[in-house]
Amino acid sequence: MTSQPAVSLPASVLDLAPVIPVVVLDDVADAVPLARALVAGGLPAIEVTLRTPAALGAIRAIAGEVPEAVVGAGTVITPEQVRESVDAGSRFLVSPGWTDLLLDSMQASGVPYLPGVSTTSEVVALLERGVQDMKFFPAQAAGGAPYLKSLAGPLPQARFCPTGGVGAANALDYLQLPNVACVGGTWMIPADAVAGGDWGRIETLAREASQLTTAG
């Protein structure tokens with residue numbers, strides 16, 4: 001692991017990048033070339049989800065060999081996963097939902113984190129706990145951009161990273177909202193490109209995604 005990260009880390013995960021790639025890896029060997037392609041395309045923040053046995057190894061590899069990336073762990077749902085992810089080199093944490101126990105663990109981890117919400121009550125409960133930055137998941141199924149737009153008036157202090165059903169066709173619908181700082185998605189990481197080692201294609205898609213905020 002690098003002793004001095006090349007990329008400084010902001011206080012909030014939401015300020016890392018306008019688009020955070022959500023990565024599911026089955027082979028640790030793909031982690032470093034994939035991370036390098038995403039960084040070259042302008043997406044330094046990389047969320048590796050804890051959905052496969054390769055996830056922690058992938059995080060460890062990216063943290064150790066791609067210092068210009070800011071690697072984090074996604075689908076974090078237990079205090080044990082919080083500890084394991086930080087030990088592997090995760091510089092931020094993302095959960096699909098939250099409980100008091102999980103939130104306490106993330107707050108104690110020493111790294112930025114995004115607890116997941118899908119209802120107004122969950123947002124209010126996090127605000128009561130002093131948390132203003134959240135993941136909105138599953139974004140499209142939970143109401144999409146219209147739902148988040150409706151929250152901006154009564155709950156302007158809450159900021160979101162919508163993930164789940166977000167792609168190139170609708171990312172701008174979210175990014176143009178005042179309470180959305182970034183979006184998460186997988187569209188710049190096609191499974192066939194990863195399987196075929198087509199890192200140039202992934203770099204091109206990442207570059208297109210990184211420019212979304214200025215596309216109108």
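The values are calculated or read from the model by the stated rules, or taken from the named source; none is laboratory data. Bear in mind the structure is a predicted one, so any value in this text is a computation, not a measurement. As a convention, Cβ positions derive from the backbone with ideal geometry for all residues, glycine included, and neighbour counts pool all protein chains shown.
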Before we move on, is THR49 on the phi > 0 side of the Ramachandran plot, of a type outside the set (Asp, Glu) and under 14 Å from the mean Cα position of the chain (by Cα)? no
Condition first: in contact with a helix residue (DSSP H, G or I) (Cβ under 8 Å, 6 or more places away or on another chain), farther than 21 Å from GLN176 by Cβ and hydrophobic (A, V, I, L, M, F, W, C). Now tell me which residues in the range 127-154 satisfy that. VAL131
If you take the residues in the range 15-29 that are surrounded by fewer than 19 Cβ atoms within 10 Å (Cβ to Cβ) and not hydrophobic (A, V, I, L, M, F, W, C), which one is modelled with the lowest pLDDT? ASP15
Here is a list: VAL76, VAL82. Which entry is in contact with a Phe, Trp or Tyr (Cβ under 9 Å, 6 or more places away or on another chain) and assigned to a loop (DSSP other than H, G, I, E, B)? VAL76
Please pick out the residue among ALA145, ALA191, ALA169, ALA141 that is within 19 Å of LEU14 (Cβ to Cβ), among the aliphatic types (A, V, I, L, M) and at pLDDT 95 or above. ALA145
Here are some residues: ASP26, ASP30. Which one is in a helix (DSSP H, G or I) and either at positive phi or not aliphatic (A, V, I, L, M) (or both)? ASP30
Just checking, does the range 179-191 include any residue being more than 18 Å from the chain's Cα centre (by Cα) and farther than 19 Å from GLU47 by Cα? no
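Could you check, for the range 57-71, whether at least one of its residues is under 17 Å from LYS135 (Cα atoms) and in contact with a helix residue (DSSP H, G or I) (Cβ under 8 Å, 6 or more places away or on another chain)?
yes
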Counted residues in the range 52-62 being within 17 Å of the chain's Cα centre (by Cα) and either charged (D, E, K, R) or surrounded by fewer than 20 Cβ atoms within 10 Å (Cβ to Cβ) (or both) come to 2
Return yes or no: is LEU43 buried (at least 24 other Cβ atoms within 10 Å of the Cβ), aliphatic (A, V, I, L, M) and touching a helix residue (DSSP H, G or I) at 6+ places or on another chain (Cβ under 7 Å)? yes
Expected single match for acidic (Asp, Glu) and within 18 Å of the chain's Cα centre (by Cα) among GLU65, GLU80, GLU84 is GLU84
